[in-house]
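The values are calculated or read from the model by the stated rules, or taken from the named source; none is laboratory data. All of these numbers come straight from a predicted model, not from anything done at the bench. Neighbour counts are summed over all protein chains in view; Cβ atoms, including those assigned to glycine, are modelled from backbone coordinates with ideal geometry.
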Amino acid sequence: MVAWLIRVRDTPAALMAKPLASVGFLLVALSEGAVDSAYGRIILAGLVFGALGDVALLFDRWFLGGLVLFAAGHVAYVFAFLSKGPITLVTGAIGAALGVVSAIWLLPRLDRMMRMPVAVYILVISVMVAAGIGSDQTVLVRAGAVLFVSSDLLVARERFVTTDPRNPLWGLPMYYTAQVMIALSVAT
């Protein structure tokens, strides 16, 4: 499906396929009882922000809105993950290193208008990873957090560095797998 989406990018079929795929991870969370716990409801909110962000990213002119929606989703994940355990010195250092390396790599490539929103997004997703890889987290959450940031690095590469069909070929499956893993965590 990913290869098909890449070939039909910006067509009506692609404009329908991505939101439908996003509905899939929402249904996973709902079927696993997301509304039955505070953790599940916060994760569901994060997933909803992600699904809305997916729609926004279908259109270049809505990129900044998509960035804001995804950042809101990561903030929700941070609150949910922190309810299971704190960010430790080690996970905080990993998140900080991820943020610094990402900023060094990406920010010089951006026009002035995008630097601040992307810098804030890097900060938010780095905190999400730090909270998500904690020792008190499930394997689903840990893997989901790592896959999510990996997919986002490919989105950044595609958007700001170099257009390459491998970016979405690897990034889309990582992203949807990450969201499904995080959605499944509501059952644990």
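Summary of values
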{"read-out": "Residue check for Pro173: part of a helix (DSSP H, G or I) and more than 30 Å from Leu27 (Cβ to Cβ)", "value": "no"}
{"read-out": "Condition check for Phe79: crowded, with 21+ Cβ neighbours inside 10 Å, of a type outside the set (Ser, Thr, Tyr) and modelled with pLDDT of 95 or more", "value": "no"}
{"read-out": "Residue satisfying all of: in the stretch 121-136; at pLDDT 95 or above and farther than 24 Å from Pro168 by Cβ; surrounded by the fewest Cβ atoms within 10 Å (Cβ to Cβ) among these", "value": "Leu123"}
{"read-out": "Residues of the stretch 92-140 satisfying the condition of being touching a residue at least 24 places away in the same chain (Cβ under 8 Å) and of a type in the set (Gly, Ala, Ser)", "value": "Gly92, Gly95, Ala96, Gly99, Ser102, Ser126, Ala130, Ala131, Gly132, Gly134, Ser135"}
{"read-out": "Number of the exception - Phe70 against (1) touching a helix residue (DSSP H, G or I) at 6+ places or on another chain (Cβ under 9 Å); (2) surrounded by fewer than 20 Cβ atoms within 10 Å (Cβ to Cβ); (3) closer than 19 Å to Val118 by Cβ", "value": "(2)"}
{"read-out": "So Val35, is it surrounded by 14 or more Cβ atoms within 10 Å (Cβ to Cβ) and within 24 Å of Ala145 (Cα to Cα)", "value": "no"}
{"read-out": "Total residues in the stretch 38-67, condition among the hydrophobic types (A, V, I, L, M, F, W, C) and within 18 Å of Ala145 (Cα to Cα)", "value": "9"}
{"read-out": "Answer residue from the stretch 138-185, given it is buried (at least 19 other Cβ atoms within 10 Å of the Cβ) and of a type in the set (Ser, Thr, Tyr) and is nearest to Pro108 (Cα to Cα) among those", "value": "Ser151"}
{"read-out": "Enumeration of residues in the stretch 97-137 that are assigned to a helix (DSSP H, G or I) and of a type in the set (S, T, N, Q)", "value": "Ser102, Ser126"}
{"read-out": "Qualifying residue in the stretch 174-188 (condition: β-branched (Val, Ile, Thr) and at pLDDT below 95)", "value": "yes"}
{"read-out": "Every pair of residues 6+ apart whose Cβ atoms lie under 6 Å, when the first sits in the stretch 9-23 and is part of a helix (DSSP H, G or I) while the second is of a type in the set (Val, Ile, Thr) and modelled with pLDDT of 85 or more", "value": "Pro19/Val55"}
{"read-out": "Residue within the stretch 38-48 that is farther than 26 Å from Gln137 by Cα and of a type in the set (A, V, I, L, M) present", "value": "no"}
